[in-house]
Amino acid sequence: MATGRGGFSSKLGVVLATAGSAVGLGNIWRFPYITGENGGGAFILLYLAVILFFGIPAMMAEFCIGKTAKANASKAFEIIAPGSKWYIVGLIGVIVAVIILGYYTVVTGWTLEYLFRSVLGDLQGKSVLEYSNMFDDFTADPVRPILWTAIVVFISYLIISKGVQNGIEKASKVMMPVLFIVLIILAIRSLMLPGAAAGMKFLFYPDFSKLTLQSLLDAVGQVFFSMSIGMGCMITYSSYFKKNVDLIKTSASVASIDTLVAIISAIVIFGTMFSFHMQPDEQGPGLVFKTLPNIFQQMSGGIVWALLFYILLFIASITSIISLLEVVIAYINETWHLSRIKSSRIVSAITVALGVLSALSFNLLSFVKIGGMGLFDFSDFITAKVLMPLGGIAMAIFIGWRMGREEVKNEITNMGKYPVAIYKIYMVLIRFVVPIGITAIFISSLLPH
Ligand code: PHE
């Protein structure tokens with residue numbers, strides 16, 4: 001079963017590839033504005049608590065499933081619980097990956113457009129309104145964003161078709177260090193700007209009066225999305241882990257890297273914004289594609305900073321996209337028995353087709369609404385806010401109540417390397433805290449507020 005599937009060659013490769021999946025648009029684009037909306041410092045503390053009590057245990061649960069079964073997200077359940085309906089949890093995960101791919105590749109396409117424009121010197125000499133119009137005009141164009149999406153998928157295809165070790169692992173080993181270096185350079189630059197301290201005060205001074213029930217929901221959604229959990233991505237990656245990979249260490253390292261990148265990105269963005277007297281209240285795409293270009297142009301050497309920033313965003317996104325693709329490729333490869341290359345081609349084609357739909361939801365298809373949302377927003381909502389938390393609950397129940405005790409114990413304690421007490425604490429978290437906690441939060445998220 002294990003032979004012929006390939007796998008990550010080293011522990012460093014495991015951490016960098018897994019962190020590559022986790023670190024993405026969620027950290028650099030989503031985390032800063034969600035933190036901004038929830039009042040800064042206090043939200044970060046809440047976020048850290050959610051990582052610790054829900055995020056890391058849920059990630060370890062997925063690792064446990066994938067590493068034991070050595071199969072794709074759906075088949076893994078079939079192997080551990082043959083004859084049951086649990087495989088559906090994995091199958092939904094594969095579908096979630098496809099939906100996320102559909103809009104994630106479009107946003108990554110936007111970063112390429114902006115990268116390109118910063119090279120051409122197009123991100124200079126414009127007014128606030130002109131930047132805003134520039135973004136709106138670009139997304140209203142029915143052709144250009146689709147071309148960029150296709151390019152993004154093609155680049156990802158070139159990497160992923162080379163396989164787990166020569167594709168994913170190698171690319172992560174090159175891209176992740178570059179990402180860290182670029183991020184650190186941007187953070188230093190941002191902290192040196194006059195007035196950046198006000199941004200840091202906003203970011204780190206905890207004002208608990210800003211926290212609401214909604215903040216808790218935001219934190220959970222953000223943690224699931226950012227850590228790539230609840231949809232089988234971590235099952236898929238851990239199916240390529242060697243026997244000796246330590247699940248506690250790996251999940252702690254990945255969670256730390258992911259959180260650090262999110263916080264440093266927030267430092268970059270808030271330091272820069274406050275220095276130019278802008279408030280971080282503009283949301284989502286607007287923050288990174290409308291507001292930041294305007295700020296960059298006011299900085300000395302602005303083009304370079306803009307270029308570096310969009311390179312950062314692009315690299316972070318690509319490593320996440322290849323992990324999403326891998327979820328689907330591994331599934332098609334092992335379920336339909338098609339070669340890896342063929343599977344990669346099919347998945348890439350599906351991704352481009354969905355990307356076309358979500359890109360068109362900003363123009364030709366803007367009349368299509370599901371529950372009052374456009375296709376793009378709906379995809380984000382149904383995955384991050386509904387299906388991923390549900391998947392997280394299901395996987396926690398699977399590990400806590402269904403999978404063999406001894407197997408779980410061996411994986412968690414790394415064959416007895418860690419004391420049994422750790423396993424016992426873990427069981428309390430995964431049997432009770434994670435499913436009950438997320439269910440409570442999930443239900444309240446469905447209630448009108
Ligand atoms: N974690 C990625 C990010 O933060 C997104 C992602 C979600 C990737 C699910 C894979 C699986 O951008």
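Tabulated values for the structure
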quantity	calculated
From Leu25, Leu16, Leu12, residue being out of contact with any Asp or Glu (no Cβ under 6 Å at 6 or more places or on another chain) and under 26 Å from Pro293 (Cβ atoms)	Leu25
Any hit, region 402-420, residues being hydroxyl-bearing (Ser, Thr, Tyr) and part of a helix (DSSP H, G or I)	no
Scope region 361-397; condition among the hydroxyl-bearing types (Ser, Thr, Tyr) and surrounded by 20 or more Cβ atoms within 10 Å (Cβ to Cβ); matching residues	Ser361, Ser379, Thr383
Unique residue being within 25 Å of Leu338 (Cα to Cα) and either at pLDDT 95 or above or among the aromatic types (Phe, Trp, Tyr) (or both) when the list is Ala58, Ala17, Ala49, Ala22	Ala17
Options Lys242, Lys249: the member that is among the charged types (D, E, K, R), part of a helix (DSSP H, G or I) and away from the ligand (no atom under 14 Å from the Cβ)	Lys249
Met175 free of Cβ contacts under 8 Å to residues at least 12 places away in the same chain and within 30 Å of Met273 (Cβ to Cβ)	no
Output for region 300-319, where each listed residue is in contact with a Ser or Thr (Cβ under 8 Å, 6 or more places away or on another chain) and away from the ligand (no atom under 15 Å from the Cβ)	Ile303, Ala306, Leu307, Tyr310
Pairs with Cβ under 6 Å, 6+ apart, first in region 220-235 and more than 9 Å from the ligand (Cβ to nearest atom) and at pLDDT 95 or above, second assigned to a helix (DSSP H, G or I) and acidic (Asp, Glu)	Ile235/Glu62
Among the candidates Leu357, Leu387, residue that is assigned to a helix (DSSP H, G or I), touching a residue at least 12 places away in the same chain (Cβ under 8 Å) and either within 16 Å of the ligand (Cβ to nearest atom) or more than 30 Å from Thr149 (Cβ to Cβ) (or both)	Leu387
One residue from Lys75, Lys162, Lys85 being crowded, with 20+ Cβ neighbours inside 10 Å and under 27 Å from Ser339 (Cα atoms)	Lys75
The lone exception for Gly39 - which of (1) within 15 Å of the ligand (Cβ to nearest atom); (2) over 25 Å from Val245 (Cβ atoms) it fails	(1)
Of the criteria (1) buried (at least 20 other Cβ atoms within 10 Å of the Cβ); (2) at pLDDT 95 or above, which one Ser253 fails	(1)
Positions within region 320-347 being more than 16 Å from the ligand (Cβ to nearest atom) and either over 18 Å from Ile159 (Cα atoms) or in contact (Cβ under 8 Å) with a residue 24 or more places away in the chain (or both), in sequence order	Asn333, Glu334, Thr335, Trp336, His337, Leu338, Arg340, Ile341, Ser344, Arg345
Output for region 331-354, where each listed residue is assigned to a helix (DSSP H, G or I) and among the aromatic types (Phe, Trp, Tyr)	Tyr331
Answer residue from region 114-159, given it is part of a helix (DSSP H, G or I) and charged (D, E, K, R) and is nearest to Ser339 (Cα to Cα) among those	Arg144
Failed condition for Lys290, given (1) within 16 Å of the ligand (Cβ to nearest atom); (2) within 23 Å of Pro142 (Cβ to Cβ); (3) surrounded by fewer than 22 Cβ atoms within 10 Å (Cβ to Cβ)	(1)
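The rows are residues; the columns are (1) away from the ligand (no atom under 15 Å from the Cβ); (2) free of Cβ contacts under 8 Å to residues at least 60 places away in the same chain; (3) over 22 Å from Ala171 (Cα atoms); (4) not in a helix (DSSP H, G or I).
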| residue | (1), (2), (3), (4) |
| --- | --- |
| Asn27 | no, no, no, no |
| Thr35 | no, no, yes, no |
| Phe43 | yes, no, yes, no |
| Phe53 | yes, no, yes, no |
| Glu78 | yes, yes, yes, no |
| Ala97 | no, no, no, no |
| Thr108 | no, no, no, no |
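The values are calculated or read from the model by the stated rules, or taken from the named source; none is laboratory data. These figures come from a predicted structure and were not determined experimentally. Cβ: placed from backbone, ideal geometry, glycine included. Neighbour counts: every protein chain shown.
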